[in-house]
Each structure stands twice: as structure tokens, then as C-alpha cells.
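K.L.:
Quick one: structure below, then a few questions.
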Amino acid sequence: MTTQNTAPHPALAPAASTGRLYIDGRWREASEGGRTEVLNPATGQPVATVATGTTDDIDAAVAAARKAFTEWSRLSGRHRSRILNRVSAIMREREDELALAESVDVGKPITFAHAVDVATAADQYEYAAAMAQQLDGSVRETPLAAHAFTRREPLGVVAAITPFNFPLILSSTKIAAALAAGNTVVHKPATDTPLSALLMAEILTEAGVPAGAYNVVTGPGGLLGDHLVGHPGVDKVAFTGSTEIGAHVASLAGKRLRPVTAELGGNAANILFADANLDKAIGTIIGAFVFNAGQFCMGGPRLLVERPVYEQVLAILADAVPGVPLGDPQDPQTVVGPLASRKQLDKVAGHVEAARAAGGRIVAGGEPLELNGGFYYKPTVIADLPNDAPAVQEEIFGPVLTVQPFDTEAEAIELANGTEYGLAAGIQTTSISRAHRVSSALEAGIVWVNGWALLDPAVPFGGVKNSGWGREYGPESLESYTRTKSVVIALDEEDQA
Ligand code: NAP
């Protein structure tokens with residue numbers, strides 16, 4: 001949607017609502033003056049206006065990032081660390097603004113925007129700050145008449161492309177690690193949810209990140225993303241988004257032999273064994289599929305239940321799920337808000353209708369909620385679908401849970417591994433041996449036992465199969481933003497011990 005005059009949400013900070021790009025330390029209009037309205041998913045009404053960047057703007061941002069790389073990469077790790085710690089501190093000071101931006105942009109319940117989105121993103125900067133001081137190489141023992149050691153060096157300009165569902169967390173994952181390692185960044189946030197990226201430009205600058213080290217260009221992914229990924233001035237692509245676009249991005253970067261981290265779609269199975277603590281497991285199961293209105297790559301939309309407790313679990317879900325507080329994201333009691341866009345709502349509704357038509361038993365929900373013109377869908381549980389049903393195989397990305405029974409551990413593993421995705425998985429059991437056996441057999445980048453979404457900046461995550469490659473979080477993340485250089489200094493005979 002293109003417009004010139006949207007009255008911004010009165011409580012949004014100017015950076016998040018004034019229709020400008022952030023390039024080379026300055027706010028500027030898009031080169032062709034274009035603007036795009038951002039809708040509040042809770043009302044369907046405009047809440048801000050952002051600039052519609054062009055390929056010229058991408059060129060300017062990459063040039064600025066290249067220029068800034070010299071200064072930023074030459075700062076000591078300790079110096080960068082101090083700045084990143086300041087970023088974290090300012091994020092916590094400006095928590096209300098960030099949480100509001102995230103909430104009106106994505107439809108996130110405000111309570112979670114504070115407790116999860118802002119808190120996690122601030123933690124990421126702190127963790128990255130600590131890692132910035134540990135970019136050590138090592139001395140290598142060798143029979144050569146030489147002193148050999150390695151250095152870890154930054155890559156250069158990182159293109160960070162992020163999806164609509166966790167704008168602040170997923171961009172901070174990339175940007176904090178990239179900056180910690182001494183890289184500079186051009187960020188293309190999702191068109192539907194760009195607001196927190198603009199606020200972060202202000203915060204990073206306030207913390208002392210130099211002009212050009214972080215640039216934000218908002219605008220259409222097809223045009224800007226392609227141009228950015230294929231840009232000769234870009235040294236690494238850090239992409240999070242759908243499997244389809246991720247494969248396209250990886251192929252573009254591959255043509256230029258540039259490294260890519262690709263965090264892609266997910267469709268995780270949550271396996272409930274009959275020996276699990278059912279009271280605890282039910283809360284985990286519901287949280288795993290309704291969190292962020294199900295728009296969670298690592299959510300748990302597929303529940304596999306051991307046959308002896310299958311009907312019991314369905315009965316508990318039928319009773320409990322309709323009671324999950326659904327509604328206005330600004331209400332602190334709300335647990336499930338709207339979907340982030342009309343497109344997402346239509347996709348979810350289409351999947352549920354197809355599942356119903358295919359004989360799926362709707363145990364809870366199964367319809368949208370009409371409220372204030374927002375994009376709401378009731379948390380929905382569907383039983384009795386075969387494993388090849390689209391609602392089981394495809395990533396619905398909404399508050400929808402499919403439930404299937406299994407008889408043996410081997411069958412559970414086969415069902416769990418039986419999609420193209422492999423991002424996350426869960427096991428609910430009281431048997432430690434089973435937890436070890438099954439977690440090692442699951443094709444997933446992260447496996448949770450007796451819980452869900454236990455995520456921390458210290459613990460790496462990432463996909464296998466069509467969920468992508470590369471790892472974010474943990475020291476593994478910093479690895480992917482550096483390269484190793486070996487230095488081998490020949491020694492004169494008298495220098496040798
Ligand atoms: P998407 O449609 O793939 O978009 C992701 C980003 O790519 C957006 O910024 C988009 O810009 C941009 N883009 C679009 N076309 C592009 C192109 N040709 N070249 C380069 N960039 C392009 O994904 P989404 O719908 O925003 O997000 C949902 C998906 O992300 C789900 O599949 C979810 O599982 C996945 N995800 C994965 C993880 C993970 O950690 N593995 C985390 C979160 C989400 P526009 O918005 O302008 O189109």
C-alpha cells in the first residue's frame with residue numbers, strides 16, 4: 001500500500017513512524033520518495049508510514065557499510081563489546097517504545113513483547129558483547145621451522161534479511177553477532193513489520209555504533225532483497241524467512257560464492273509419551289502452538305500422542321484451548337493476539353477449511369474471530385488427519401495444532417521426521433533413557449525435553465533438511481561471522497629453540 005499521509009500511532013517514537021531510511025548515520029527519504037503504510041493487525045488500520053526504498057538506496061547503504069567497515073573492524077573487541085553492552089542497556093531503558101512498536105506492528109500481546117521480544121533481544125546484545133572479547137586465534141604446533149598461528153577476522157558487509165514474525169529478536173540475532181565480530185550491516189526488514197528496525201537504528205547510534213555500521217532499508221523484498229544479496233559489495237548473507245525465498249537467496253549468493261546463513265521454515269513435532277506428566281505437558285503443548293499466534297518457526301504445530309492417552313488428551317485440549325485469552329494485544333491479560341496480516345489470516349483459514357473438508361475432526365476453534373477489524377483466528381485443534389494431509393505436512397504458521405496417535409516409539413520418530421522440515425522438535429516423557437534415544441533420532445536442529453522454546457543466546461539453533469543451514473546463537477554464531485586466517489612466520493635458525 002503506498003501513501004503519503006498516515007497519522008502515526010501517537011505513542012510510537014518518531015524513528016519508527018516518519019517514513020525515512022537510515023543510511024550512513026543519517027535519516028533520509030527513499031531516493032524516489034516512496035512510502036508504504038504499516039497496518040496494525042489488531043485493527044487493520046494504518047499505524048505508521050515507512051519509506052519504500054529502491055535499489056539506489058541499497059547501493060548507498062552498501063557503500064556506507066563498506067566505508068564504515070574499516071573503522072568498526074579495527075576497533076578492539078573490548079571496545080566493540082562496550083558499545084554493544086550500551087545497546088543492551090538503552091534497549092532496556094527504551095523497553096516501552098520497543099515493545100509497543102513490536103506489538104502494534106506484529107499484533108504481539110504487549111506482555112510478551114516486553115517479557116520475550118525486548119528482553120531476549122537485549123540479552124542477545126549482552127551475549128554478543130561478551131563474545132566480542134573472545135575472538136581469539138590459536139598457536140599451532142608444527143614441525144615447520146616457523147611460528148604458526150590463526151587469526152579470526154570479520155567478513156565485511158553483512159546483508160541481514162529478516163521475516164515478519166519476530167522482527168526485533170531475529171534481527172538482533174544477526175546484527176549483534178555481526179557487529180560483535182567487526183562486520184558492518186545492511187538490514188532489510190520485512191515489509192509488514194519494519195518498525196523496530198528503525199528504532200534500533202536510533203538506539204545503535206545512541207550507543208556509539210559509528211555512522212554506516214548499521215543501515216536500514218525498508219521496501220519490497222523481491223526487488224531490494226535480490227539486489228542486496230547479489231550486490232558485489234556484500235560479503236555475507238544472513239537470511240531468516242521461508243524455505244522458498246531462502247533457497248532463492250542461497251542460490252543468488254552461491255552464484256557469487258558468498259557464505260549464507262539460512263534460517264528457514266519449520267513444522268516441529270511434539271511427541272507426547274503416555275508416561276509424561278500430563279498436567280505439565282498440556283500447558284507446554286498449548287503454549288507451543290499458540291505462542292505468537294502460531295507464527296513461530298520453532299512452534300509445535302504437530303502433536304503426536306501415544307495411543308493409550310490419545311482421546312484423553314483430545315478431551316483436555318477441547319476443554320482448555322477455548323479458554324486461552326485471545327484478543328486485543330494491548331490488554332496485559334491477552335495471550336494470543338491477531339495474525340500479523342490479512343494474508344496470514346487467509347492462509348490459516350484456508351488450511352483449516354481444507355483439513356475440515358478432508359475429514360479432519362475439529363476439536364477446538366476452527367474459525368476466525370471478528371474483533372475490531374483485526375486479523376484474529378481462534379486457536380484450533382484438528383485430530384485424525386493422515387500424515388500426508390497438507391495441514392500436517394505444510395507450515396501453516398497460525399494457531400493451529402494437528403494431533404495424531406502413535407503406537408510405538410519407532411512410529412513416533414518416523415512421523416516426527418516425516419516432513420521436509422527439521423528445525424525443532426519436542427519430547428514429553430519421564431524416561432531419561434527414552435529422552436536420549438529419541439532426541440538423537442530426531443532430525444532437528446534443537447530438541448526440547450519436557451518443555452518447549454527453551455531458547456537462550458548461549459544455546460545454538462538452526463535447521464536441518466529444508467529448514468536451512470548454519471547456526472545462530474552461541475559461539476557458533478560468531479564463527480559464521482568470521483573467517484580464519486593462518487599466519488606462518490618462518491624462523492631463522494638462531495630464533496629456533
Ligand atoms: P519470507 O516471505 O521468506 O520473507 C523473509 C524476508 O525476505 C522478508 O524481509 C522479505 O521481504 C524478504 N524477501 C522476499 N523476497 C525476497 C527475495 N527475492 N530476495 C531476498 N529477500 C526477499 O518470510 P516471512 O513470511 O516474512 O516469514 C515467515 C517464514 O520465516 C516462515 O517460513 C518461518 O518459518 C520462517 N522463519 C524462520 C525462522 C528460523 O529461525 N528458522 C525464524 C522466523 C521465521 P518482504 O517482507 O518485503 O517480502
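Computed from the coordinates by the stated procedures, all read-outs in this text should not be read as laboratory data. Just so we're clear, the structure is a prediction, and the values are computed from it rather than from any experiment. Here the Cβ positions follow ideal geometry from the backbone for every residue, glycine too, while neighbour counts run over all protein chains shown.
K.L.:
Taking 10 °C and 1.306 mPa s as the conditions, I'd like the Stokes-Einstein D for the range 269-449 in µm²/s, using the Kirkwood hydrodynamic radius from alpha carbon pairs. Could you put the intermediate results ahead of the total?
P.N.:
Details: Rh = 16.3 Å.
In µm²/s, the coefficient is 97.
K.L.:
Cα centroids of the range 64-112 and the range 19-47: how far apart, whole angstrom?
P.N.:
Cα centres, the range 64-112 to the range 19-47: 19 Å.
K.L.:
Highest mean first, how do 185-191, 111-117 rank when packing is the count of other Cβ atoms within 10 Å averaged over residues?
P.N.:
On the way: 185-191: 26.0, 111-117: 20.6.
Answer by packing, highest mean first, reads 185-191, 111-117.
K.L.:
Which far-off residues, 5 or more places away or on another chain, put their amide H under 5 Å from the one on Trp448, with H placed in the peptide plane?
P.N.:
Sorted by chain and number, the residues that satisfy this are Ala425, Gly426, Ile427.
K.L.:
Show me the ranking of peptides 196-204, 428-436 by mean Cβ neighbours inside 10 Å, starting with the highest.
P.N.:
Working: 196-204: 26.0, 428-436: 15.6.
Highest-to-lowest ranking by the protection proxy: 196-204, 428-436.
K.L.:
Take each of the peptides 135-147, 246-258, average the number of other beta-carbon atoms within 10 Å over its residues, and list them starting from the highest. Could you put the intermediate results ahead of the total?
P.N.:
On the way: 135-147: 11.5, 246-258: 16.4.
Per-residue Cβ counts within 10 Å, averaged per peptide and sorted highest first, yield 246-258, 135-147.
K.L.:
Enter the Cα centre distance for the pair the range 184-248 and the range 278-354, rounded to the nearest angstrom.
P.N.:
31 Å
K.L.:
With the radius of gyration and the Kirkwood radius both derived from the Cα set of the range 1-128, what is their ratio Rg to Rh? Numbers along the way, then the final one.
P.N.:
Details: Rg = 16.7 Å, Rh = 16.5 Å.
On the Cα set of the range 1-128, Rg over Rh gives 1.02.
K.L.:
Can I ask one more? Below 10 angstrom from the Cβ of Glu29, what's the summed charge of the other residues (Lys, Arg +1; Asp, Glu -1)? Numbers along the way, then the final one.
P.N.:
Numbers: positive: Arg20, Arg28, Arg35; negative: Glu32, Asp57.
Overall, the nearby charge balance is +1.
K.L.:
Separation of the range 371-396 and the range 457-497 by C-alpha centroid, Å?
P.N.:
41 Å
K.L.:
Next question, about the same structure. What is the local net charge at Pro390, summed over the other residues whose Cβ is closer than 13 Å to its Cβ (Lys, Arg +1; Asp, Glu -1)?
P.N.:
On the way: positive: Arg302, Lys347, Arg356; negative: Glu353, Asp388, Glu394, Glu395, Glu420.
So the surrounding residues net to -2.
K.L.:
Along the range 302-318, what does the Karplus equation 6.51 cos²θ - 1.76 cosθ + 1.60 (θ = phi - 60°) give for ³J(HN,Hα), rounded to whole Hz, x for Gly and Pro?
P.N.:
Listing the rounded values in order: 10, 9, 10, 10, 5, 3, x, 10, 4, 5, 4, 5, 4, 5, 5, 5, 4 Hz.
K.L.:
Order by neighbour count: Ile362, Ile396, fewest other Cβ atoms within 10 Å first, most last.
P.N.:
Details: Ile362 15, Ile396 27.
Starting with the residue having the fewest Cβ neighbours, the order is Ile362, Ile396.
K.L.:
Follow-up. With θ taken as phi - 60° and the coefficients 6.51, -1.76 and 1.60, list the Karplus ³J(HN,Hα) couplings across the range 200-212 in order, rounded to whole Hz; mark glycine and proline as x.
P.N.:
Result, ordered by residue: 5, 4, 5, 5, 4, 5, 4, 6, x, 5, x, 3, x Hz.
K.L.:
Still on this model: State the dimensionless ratio Rg/Rh of the chain (Rg: radius of gyration of Cα atoms; Rh: Kirkwood radius). Before the final figure, lay out each step's value.
P.N.:
Working: Rg = 23.5 Å, Rh = 23.5 Å.
Ratio of gyration radius to Kirkwood radius for the chain: 1.00.
K.L.:
Something else: Pull up the DSSP beta bridges for the chain and report the antiparallel fraction as a percent, rounded to 5. Numbers along the way, then the final one.
P.N.:
Working: 30 of 69 bridges.
Of the beta bridges lying entirely in the chain, close to 45 percent run antiparallel.
K.L.:
Right, something else. Restricting to the range 269-449, what percent of DSSP beta bridges are antiparallel, rounded to 5? Walk me through the numbers on the way to the answer.
P.N.:
Numbers: 5 of 27 bridges.
Of all bridge pairs located within the range 269-449, approximately 20 percent are antiparallel.
K.L.:
Something else about it: Roughly how big is the chain's charge dipole about its Cα centre, with Cβ charges of +1 (Lys, Arg) and -1 (Asp, Glu), in debye to the nearest 20?
P.N.:
On the way: 38 positive and 56 negative charges, 177 e Å.
Dipole magnitude for the chain comes out near 840 debye.
K.L.:
Any of Lys280/Lys465; Lys188/Lys378; Lys188/Lys255 with alpha carbons more than 25 Å apart? Name them for me.
P.N.:
Listed pairs above 25 Å: Lys280/Lys465; Lys188/Lys378.
K.L.:
So for the range 106-215: antiparallel DSSP bridges make up what percent, rounded to the nearest 5?
P.N.:
Working: 2 of 9 bridges.
Given both bridge residues lie in the range 106-215, the antiparallel proportion sits at roughly 20 percent.
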